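Q: Before we start, here is the structure in question, set down as structure tokens.
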Amino acid sequence: MHASNRWRIGERVECVRMPDPLFEDLRALLCFTRVVERRSFTKAAAALGVSKSVVSGRVAMLEARLGEQLLLRTTRQVTATDAGLRVYSQAAQMVERAAVATKDATDVERGVLRVSAPVTFAQMYLAVPLAAFMASRPGVRVELLLNDRFVDLTEERIDVAIRVTDLKDSGLIQRRLSSSPLHICGAPGYLKQRGRPTRPEDLLRHDCLRYSLVRVEREWRLHGTSGPIRIDVKGTFETSSGTMLREAAVAGIGLAVVPRFMIHQELAAGTLETVLDDFAPRPLGIYAVRTGSRSVPRLVKALVDALEHAFRTPPWL
């Protein structure tokens, strides 16, 4: 039988991995620095949570690899040789940098968050919860990118994106923050001049403002008691800006389909009125989405938790 470094387990063949020399050196250097700092193998072992024999063995291995005696051992204490002091000066810095790097990587109170959000929603609702979030975490820096288009989270290095949409299964990790009804609305002056529609078909006789970032921008998808209704609308105005769509409706250019979070103040003030409420499109969900695994980074989770809390009772409802 030939010697081999492979073990067969059932139908799988696994390789026995030899220890990485660099990894072994790092462990030995950590043991060595703790012995120098505490002047004792016993105290170093207690600090590292391993046995004294493990610490002694790793230091002996390090001395053998370097071909130098690093420590002078007596019955009372352990001291570093000249060679040991030279190694310690470098090893201690390395151990400290590793500790800082580990702390920074796991510290939920520090870091940079890149967030993407729709322009109007962000301008109206994100400043206050972000301010509260950052005030409670002075070490956090937020980079907020505003874009009404769906950005590629990987390409743009986005940690969290806020999306207001009928979110389909996109492969992204998502959490629902809130929702917003959609309304068909127009200015009182426009409705007085053109008439108030009472049936979906009446929209064919109206100027309907179109939002060009919606993939089926020439079709309004309403919903009645008998199911979905699709109306091929026409109009003289089209825009890629949600804010401009609202302002065009307020100005009396035509009717628009707009989420309630954008127009609740206009509805309260009477500058916009809703029509065809029994046929309004289905509500939009407001989501926080991200790429990656199910294991969410702690800083990202903290932000999403804060946003979910902020929108638990939405101001537009």
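The values are calculated or read from the model by the stated rules, or taken from the named source; none is laboratory data. Predicted model, so just to flag it, every value in this text is computed and none were measured. Counting neighbours? That spans all protein chains shown, and the Cβs are built from the backbone with ideal geometry, glycine included.
Q: Any residue at all in segment 224-239 that is of a type in the set (S, T, Y), at negative phi, surrounded by 16 or more Cβ atoms within 10 Å (Cβ to Cβ) and in the same structural domain as C208 (by TED's automatic domain parsing)?
A: yes
Q: Anything in segment 59-87 that is touching a Leu at 6+ places or on another chain (Cβ under 8 Å) and either within 19 Å of T42 (Cβ to Cβ) or crowded, with 19+ Cβ neighbours inside 10 Å (or both)? List them, or say none.
A: Of everything in segment 59-87, those that are touching a Leu at 6+ places or on another chain (Cβ under 8 Å) and either within 19 Å of T42 (Cβ to Cβ) or crowded, with 19+ Cβ neighbours inside 10 Å (or both) turn out to be V59, L62, E63, L70, V78, T79, A80, G84, V87.
Q: Inspect segment 115-126 for any residue being part of a helix (DSSP H, G or I), of a type outside the set (G, A, S) and in contact with a Leu (Cβ under 7 Å, 6 or more places away or on another chain) and give the result as yes or no.
A: yes
Q: A further question on this structure: More than 30 Å from L299 (Cβ to Cβ) and either among the β-branched types (V, I, T) or loosely packed, with under 12 Cβ neighbours inside 10 Å (or both): which single residue out of E155, E201 fits that description?
A: Checking each option against the conditions leaves just E201.
Q: Just need a number here: residues in segment 266-297 that are surrounded by 13 or more Cβ atoms within 10 Å (Cβ to Cβ) and either part of a loop (DSSP other than H, G, I, E, B) or not aliphatic (A, V, I, L, M) (or both).
A: Residues in segment 266-297 being surrounded by 13 or more Cβ atoms within 10 Å (Cβ to Cβ) and either part of a loop (DSSP other than H, G, I, E, B) or not aliphatic (A, V, I, L, M) (or both): 18 in total.
Q: List the number of the failed condition for E143; all other conditions in (1) assigned to a strand (DSSP E or B); (2) modelled with pLDDT under 90 hold.
A: Condition not satisfied by E143: (2).
Q: Taking segment 208-250, which residues are in contact with a helix residue (DSSP H, G or I) (Cβ under 9 Å, 6 or more places away or on another chain) and in a loop (DSSP other than H, G, I, E, B)?
A: Across segment 208-250, the qualifying residues are L209, L213, T225, V233, K234, F237, S241.
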